[in-house]
Amino acid sequence: MADDPADIVDFRVPSGRYRHWRVRVDGPVATLAMDVDEHAPLHPGYELKLNSYDLGVDIELHDAVQRLRFEHPEVGAVIIASSKERVFCAGANIRMLGQASHMLKVNFCKFTNETRNAIEDATTYSGQTYLCAVNGTAAGGGYELAMATEHIMLVDDGAASVSLPEVPLLAVLPGTGGLTRLVDKRKVRRDHADFLCTTEEGVRGERALAWRLVDELVPRSRFEEVVHERALEFAARSPRPRDARGISLTALARSIGRDGIAYDHLQAQIDREASTVAIMIPGPDTRAPSDPEALAAAGSGFWPLAIARELDDLVLHLRVNEPEIGTLLFRSRGRLDLVQAHDEFLDAHRDHWLVNEIVLYWKRVLKRLEVSSRSLIALIEPGSCFAGSMLEIVLAADRSYMLDGQFEDDPTPAPAVCLTAMNFGPLPTVNGLGRLAARYLDDPDAFESQRAAIGQTLDAPAALAARIVTFAPDDIDWEDEVRIGIEERASFSPDALTGMEASLRCAGPETLESKIFGRLTAWQNWIFQRPNAVGEDGALSRYGTGKKAIYDRRRV
């Protein structure tokens, strides 16, 4: 934890108080205009010139994307644009990267990737299609931001360009999914991609269009007009209800102490000597509503949404502000039947726009948890409420322990778990496969047979048989088995654990997302530590000094 509270990176953004983005909603079309305040970096020591960005800029973008999904059901298309003349975005700020720690570099790239993924998720699953209006230079992360949208429009003036100059300029890679989106999403030919990624000035006009780097060229004289026309066309195809009322994402209440973080619902207790944080997730204390229209009254206090928001913020806080806390221990407390009832409500009303957004948010939070560089252990004890969507946390864990029976002298009934429809499709991992399905890669038919267990309470032996939990010790062995498992984890190299966990968590098929995070974890993590990039004579260190980088020419 930072010694000075002022050094804590806060991922919460007060509504409507952006320093770097201008948000305008005009009926079915919203515009997110990038207008970065160069004198307002997240940390001192650099200026955010030419719409270059740091983590603070992306925190605001993440917040704006979330708010458009929940607060503006009438919006069917979102334009990402620039308020700077003839400059779209110069990408990640180089001086920020040059002075940032390795940990901050990697976490910056990871969060930025997740924000780009949320834009794609909104386009694919929320009916809120994103377009990008490139009015000038889109370099590095600026072009990567454009590639996260569905439709890229480039002003055709002979000067505007798109580029990924990280290799020639900085000796690093496009850190927010650029290489993967280029060839897997936009289907750019490999030789064309090679040229783009090894030339500083980028590609312009007709060549950019012919090479599939952009989707449309528009004369500067008609640029704003055509961009708005195209956004209206996308919005017209959206299934989002234009007459519905959104809900406000109210400010998250959070208190941080030396050894704990507390929200309205979640409680996290840190053991610094053991390098663990024990996270207690409470179940709902009221029954699920009978009608999705009642959600407007509940607002962001509706239990599944409230828990998702708090867990999301906690994971982000731990990533950046508690780098030495290596193991997350998950517990829950509440009534299994109430969690099950909330899942049944969510499943029954998936066609309602707000219910859909809540389920999609849970999906994104679970993905964020899994791609975090932390060991995950779930503990299922008497009084737990790991059912359905909550059970996904158990399935996301690297290992789980479920007590077989009761604790001596404790009348609390033995723990049970429960499968719901949420475990069979709505909450996939980054590779598109459900967590329970991943347990049955060797026998898909057996996985399908588990649908018969939906709604049934499963004790420890049944949960073991269903491949839901890892171990089921009795009360005599419980304390020792859990303690040894946690202590062993803390004794291993964090670097090796990060690589191992990232390799094991997404068994099965490969997707755009799994490729992006796999490459980030391995390639970029490695390249960001190499002297050719960050050494005294490396490209990132010498950028802007007028001195050429000196490379170790050996291929490794």
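Taking the 0 to 90 degree range and rounding to the nearest ten, how far is the long axis of helix 353-370 tilted relative to the main principal axis of the chain, both from C-alpha atoms?
Roughly 90 degrees, rounded to the nearest 10.
Of Ser332, Ala397, Ser373, whose Cα points farthest to the positive end of the dipole of the range 331-453 (charges on the beta-carbon: +1 Lys, Arg; -1 Asp, Glu; origin at the Cα centre)?
Going by the Cα projections, it comes out as Ser373.
Using θ = phi - 60° and the Karplus form 6.51 cos²θ - 1.76 cosθ + 1.60, what ³J(HN,Hα) does each residue of the range 190-200 get, whole Hz, x for Gly and Pro?
Each residue's phi maps through the Karplus curve to give 4, 5, 5, 5, 4, 5, 4, 7, 10, 10, 6 Hz.
About the Cα centre of the range 39-91, how large is the charge dipole given +1 on each Lys and Arg Cβ and -1 on each Asp and Glu Cβ? Please answer in debye to the nearest 20. The partial results should precede the final answer.
Details: 5 positive and 8 negative charges, 35 e Å.
Computed about the Cα centre, the dipole is about 160 debye.
Rounded if a/c is under 1.5, else prolate if a/b is larger than b/c, else oblate: which is the range 1-137, with a ≥ b ≥ c the root eigenvalues of its Cα gyration tensor?
prolate
Share of Cα-Cα pairs in the range 442-556 beyond 20 Å, in percent?
Summing the P(r) tail past 20 Å for the range 442-556 gives 69 percent.
Rounded, prolate or oblate for the range 390-483? Axes are the square roots of the Cα gyration tensor eigenvalues, ordered a ≥ b ≥ c, and the cut-off for rounded is a/c under 1.5.
prolate
Decide, for the range 112-222, between rounded, prolate and oblate: order the square roots of the alpha carbon gyration tensor eigenvalues as a ≥ b ≥ c, take rounded if a/c falls under 1.5, and otherwise choose prolate if a/b is larger than b/c, else oblate.
Here the range 112-222 falls in the oblate category.
By a straight-distance test (C-alpha under 24 Å), which lysines pair with Lys547 as possible cross-link partners, with residues fewer than eight away in the same chain excluded?
The qualifying lysines are Lys49, Lys105.
Could you check what % of the DSSP bridge pairs in the range 138-268 are antiparallel, to the nearest 5?
Of those bridges, close to 60 percent are antiparallel.
So which GluC sites (Glu not before Pro) in the range 127-206 pass both tests, a DSSP loop state and at most 14 other Cβ atoms within 10 Å of the Cβ? It would help to have the intermediate numbers written out before the result.
Numbers: sites: Glu144, Glu150, Glu166, Glu200, Glu201, Glu206; in loops: Glu150, Glu200, Glu201.
Listed in order of number, the matching sites are Glu200, Glu201.
Can you find, among Ala193, Ala235, Phe223, the residue farthest towards the positive end of the dipole of the range 192-243? Put +1 on the C-beta of Lys and Arg, -1 on that of Asp and Glu.
Ala235
Over 24 Å apart: what share of the alpha carbon pairs of the range 168-311 falls there, rounded to a whole percent?
Details: 6697 of 10296 pairs.
Within the range 168-311, distances greater than 24 Å cover 65 percent of Cα pairs.
Measure nothing but the geometry: give the 0 to 90° angle between the long axis through the Cα atoms of 494-504 and the longest principal axis through the Cα atoms of the chain, rounded to 10°.
With both axes taken from Cα atoms, the answer is about 80 degrees.
Mind putting a number on the dipole of the range 45-148 about its Cα centre? Charges go on the C-beta only, +1 for Lys and Arg and -1 for Asp and Glu, and I need it in Debye to the nearest 20.
320
What's the magnitude of the charge dipole for the chain around its Cα centre, counting Lys and Arg as +1 and Asp and Glu as -1 at the beta-carbon? Answer in Debye, nearest 20.
2300
Per the Cauchy relation, a quarter of the hull surface: what is the mean projected area of the convex hull of the alpha carbons in the range 268-375, in nm²? Write out the running numbers ahead of the final one.
Working: hull surface 28.2 nm².
Across all orientations, the range 268-375 yields a mean hull projection of 7.0 nm².
Relative to the longest principal Cα axis of the chain, at what angle does helix 475-491 sit, 0 to 90 degrees, rounded to 10?
Approximately 20 degrees, to the nearest 10.
For the range 250-346, which GluC sites (Glu not before Pro) pass both filters: DSSP loop (anything but H, G, I, E, B) and at most 12 other C-beta atoms within 10 Å?
Values: sites: Glu273, Glu293, Glu310, Glu324, Glu344; in loops: Glu273, Glu324.
The qualifying sites are Glu273, Glu324.
Relative contact order of the chain: what whole-number percent is it, with Cα pairs under 8 angstrom and at least 6 residues apart?
Relative contact order comes out at 12 percent.
List the pairs from Lys187/Lys367; Lys515/Lys548; Lys84/Lys185; Lys110/Lys367; Lys84/Lys187 whose alpha-carbon separation is above 21 Å, in the order I gave them.
Lys187/Lys367; Lys515/Lys548; Lys84/Lys185; Lys84/Lys187
Per residue of the range 26-39, in order, report the coupling 6.51 cos²θ - 1.76 cosθ + 1.60 (Karplus, θ = phi - 60°) as ³J(HN,Hα) in whole Hz, putting x for Gly and Pro.
For the range 26-39, the Karplus-derived couplings read 10, x, x, 10, 10, 10, 9, 9, 7, 9, 5, 7, 5, 9 Hz, x marking Gly and Pro.
If the viscosity is 0.890 mPa s and the temperature 25 °C, what Stokes-Einstein diffusion coefficient in µm²/s follows for the range 223-283 when Rh is the Kirkwood radius over Cα pairs? Walk me through the numbers before you get to the answer.
On the way: Rh = 16.3 Å.
Taking Rh from Cα pairs, D becomes 151 µm²/s.
In whole Å, what is the distance between the alpha-carbon centres of the range 4-74 and the range 504-534?
Between the Cα centres of the range 4-74 and the range 504-534 lies a distance of 26 Å.
So what is the relative contact order for the range 169-283, in percent, with contacts set as C-alpha pairs under 8 Å and at least six apart?
Values: 68 pairs, mean separation 11.7, N = 115.
Over the range 169-283, the number comes to 10 percent.
Seen from all sides and averaged, what is the projected area of the convex hull of the Cα atoms in the chain, in nm²?
If you wrap the Cα atoms of the chain in a convex hull and average its projections, you get 26.0 nm².
I'd like the per residue volume of the convex hull spanned by the Cα atoms of the range 332-432, given in cubic angstrom. Walk me through the numbers before you get to the answer.
Working: hull volume 9.9 nm³, N = 101.
Enclosed volume per residue, from the Cα hull, is 99 Å³.
Which whole-Hz couplings ³J(HN,Hα) result when phi for each residue of the range 459-469 is put into the Karplus expression 6.51 cos²θ - 1.76 cosθ + 1.60, θ = phi - 60°, listed in order with x for Gly and Pro?
7, 4, x, 5, 5, 5, 5, 8, 6, 8, 10
Set Lys and Arg Cβ to +1 and Asp and Glu Cβ to -1, take the dipole of the chain about its Cα centre, and tell me which of Phe302, Gly518, Cys385 lies farthest positive.
Projecting each Cα onto the dipole axis, the largest value belongs to Gly518.
Can you order the peptides 371-378, 526-533, 493-500 by their average number of other Cβ atoms within 10 Å per residue, highest first?
371-378, 526-533, 493-500
Rule-based calculations on the coordinates, nothing more; no lab input. Treat the numbers as computed from the prediction; the structure is a model and nothing was measured. Using ideal geometry, Cβ is built from the backbone for each residue, glycine included, and neighbour counts are taken over all protein chains shown.
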